[in-house]
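Presented below is the structure to which this report refers.
The values are calculated or read from the model by the stated rules, or taken from the named source; none is laboratory data. It should be emphasised that the depicted structure is a prediction, and the values quoted were computed from it without experimental measurement. Please note: Cβ atoms are built from the backbone with ideal geometry, for glycine as well, and neighbour counts cover all protein chains shown.
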Amino acid sequence: MIEIAGQSYAFDDPRVLALLAGAAVLVLILVLLILAVRRAGASAAMAAPLARQIHYLGQSVQQLGAGQEQLRGGLQTVSDTQANAQTQVIQTMETRLASVQQQMQDRLAENAMRSARALAEMQERMNETLSGSSKQTATSLTQLQERLAAIDKAQDNITKLSGDVLSLQDILSNKQTRGAFGEIQLHDIVSKALPKDSYALQATLSNGKRADCLIHLPNPPGPIVIDSKFPLEAYEALRRADNDRALREAAQALRVAVRAHIKAIGDRYILEGETADGAILFLPSEAVYAELHANFPELVREGFNARVWIVSPTTCMATLHTMRAILKDARMREQAGAIRKTLHQLHRDVEIVVERVGKLNTHFGQARADLDGITTAAERAGKRAARLDNFDFEELAEDGGQVVPLAKPKG
C-alpha cells in the first residue's frame, strides 16, 4: 500500500504502476545525464549532439513533469470520485438498511398482531369448547338422572309386576278364582268388540243353566253361547313333565279335561229352537290354545264334531268382529225403510240447494248487468267532463248539444 495526499493506493493499481514507470524513466534519464557529463570531457566532438540530446531530454523531463502533474490531478479526481461513490454507497446502504429495518419492524408488529389475534381466537374457541363441554356434561348428567329415574320406575314396575304375577298365580291356583279370571277376560274382549245391547253376561237359559256370555245374533244362526274354560292343572302338569311316563299321564289328563269341557258346553248351551246350532269354548290362555292345535289336533276335531269351537283371546276377538258385521248387516236390513226415507229427504234437500243456486246465479247475472251499465254511464260522463274541460264545444254540438255562437264585434 502507498499513501498519496491522504489517499491509500495498492501497488497493483494502474495509476500507481504508471507513476512508478514515470519515476523509473526519470531515474534513467538522470543516469544518462551523469554518463553524458562524464563522457563530455572525453569527447568534445560529441558535446553539441549531447547538448541537443540534453535539451531534448530536458523537454522530455518537463513533459514528463507535466504528465505527472496531470496524472496527480487525475489521481485526485479519481480519489474524489471514489470518495463520493463510497459516500453515496454508504448513504444508499444506510437508506436500504433503514428501509429493511423498518420493514422488519413492520413485519414483526404485524406478526405480533396476528399472534395476538390467533391467541385471542384460540382462547375464545377454548372458552366455547369448555362451555360446550360443560353444557354437554350437564346434559349428560341430566339424561343420566332421567335414565336412573326411568330405571327406578321400571324397577318399581317390575316389583309391582312380580307382585301381580304372584297374585295371578294365587288366582289361577283356585278353580273358582280361575273361572272368574276367564270370565273377566271374556267380558273385556266382548265389550270392546260388540255393542252393549248385542250381548248378555251370565244369561240364564230355559234349562236353568247360566252361560258366561250370550250373543244375540239374528236367525240364522240365532243366539250363540260363549263359555270360559281353563284346564290349567293338566297343562301345567304337561309343562312340568320330565320323563315319558309323566308326559303321557299329563297328556291324557289334558285330553280328559278338554273333552269334559266340550261335552259340558254341548249338552248345556246348545238348545234347539233357543240357541244357535253350536257354541264357543273360550280358552283365556294363548299357550294352552297353541298347545292344543300343535300337539292335540284330535281334540280340536272332536270339538268341531260336537259343534263346539275352541277360541283363544286373539281368535275370539276375530270371531266377535265377524259377529259384529253380521249384527250390522241385520240392523241395516231392519232399518232399510228408514234409510230409504232419509235418502229421499237428502235427495230433496239437494234439489232445493240446486234451485237456490240457480236463483242466486240469476241475481248475480242481474247485478253484473247493472254494474256494466253503471260503468258505461260513468265512462260517458267522464268523457263529457273531459270535453268541457278542453272547451271542445264543436264535439258537443255533434252530440246534439247547442253551442252559443260568439257575437261579432261591431265595426
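For segment 274-294, residues that are exposed (fewer than 12 other Cβ atoms within 10 Å of the Cβ) and either within 14 Å of Asp212 (Cα to Cα) or charged (D, E, K, R) (or both) total 0.
Taken over segment 183-217, the criterion of being in a helix (DSSP H, G or I) and of a type outside the set (A, V, I, L, M) is satisfied by Glu183, Gln185, His187, Asp188, Ser191, Lys192, Lys196, Asp197, Ser198.
Among the residues of segment 320-338, is any within 30 Å of Glu236 (Cα to Cα) and either assigned by TED's automatic domain parsing to the domain that holds Ala264 or over 54 Å from the mean Cα position of the chain (by Cα) (or both)? Yes, segment 320-338 contains at least one residue that is within 30 Å of Glu236 (Cα to Cα) and either assigned by TED's automatic domain parsing to the domain that holds Ala264 or over 54 Å from the mean Cα position of the chain (by Cα) (or both). Per the conditions (1) within 23 Å of Ala318 (Cβ to Cβ); (2) at pLDDT below 80, the sole criterion not satisfied by Gln176 is (1).
Can you tell which of Gly266, Gly303 is crowded, with 19+ Cβ neighbours inside 10 Å and not aliphatic (A, V, I, L, M)?
Result: Gly303 is the single residue among Gly266, Gly303 that is crowded, with 19+ Cβ neighbours inside 10 Å and not aliphatic (A, V, I, L, M).
For segment 136-150, a residue qualifies if it is over 26 Å from the mean Cα position of the chain (by Cα) and of a type in the set (Gly, Ala, Ser), and the qualifying residues are Ala149, Ala150. Can you say whether Lys229 is of a type outside the set (A, V, I, L, M) and surrounded by fewer than 19 Cβ atoms within 10 Å (Cβ to Cβ), as far as the supplied structure shows? Answer is no for this residue.
Can Val300 be described as touching a helix residue (DSSP H, G or I) at 6+ places or on another chain (Cβ under 8 Å), under 28 Å from Lys209 (Cβ atoms), assigned to a helix (DSSP H, G or I) and without any contact (Cβ under 8 Å) to a residue 12 or more places away in the chain? In short, yes. The condition (being more than 30 Å from His187 (Cα to Cα) and in contact with a helix residue (DSSP H, G or I) (Cβ under 8 Å, 6 or more places away or on another chain)) is satisfied by just one residue among Ile339, Ile310, Ile352: Ile339.
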